[in-house]
Amino acid sequence: MKIALPLAALATFSIAAPALALDSNAAASTEAKDEEAKEAKVCRIETITGSRLAKRKVCRTAEEWRKYEQDTSDNFEQARRRVNDAAGNQ
């Protein structure tokens, strides 16, 4: 009887331990996947200005593409304002 109780406890913990490990691994795996999604490269084919045939492949992370598009939009808006200011159209 003295041996049966520790064996029962050992059996219980040996069954529960892998389940607990899976939960912590699942959380770590989810975080790793989220991080990979942020760092995953997104590639686009861009036509080179001034050429009918030349193209290039540009790869950036989703965050870098977002910043690139925002910067491009900001630059376009600044150029538009300068042209309107120079023409006297406000």
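The values are calculated or read from the model by the stated rules, or taken from the named source; none is laboratory data. Being a predicted model, the structure only gives us computed values, none of them experimental. Neighbour counts run over all protein chains shown; Cβ positions are idealised from the backbone, glycine included. To get the accessible areas, we keep the full protein, side chains included, count just its heavy atoms, and leave off ligands, DNA and RNA. Shrake-Rupley method; radii C 1.70, N 1.55, O 1.52, S 1.80 Å.
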_E35 accessible area, assembled protein chains, probe 1.4 Å, Å²_ = 100
*asked:* Please list T47, T61 from largest to smallest accessible area, probe radius 1.4 Å, with all protein chains kept in place.
replied: T47, T61
*asked:* For a quick check of your reading of the filter: which trypsin sites (Lys or Arg not before Pro) in the range 47-77 sit in a DSSP loop and have no more than 13 other Cβ atoms within 10 Å?
replied: R52
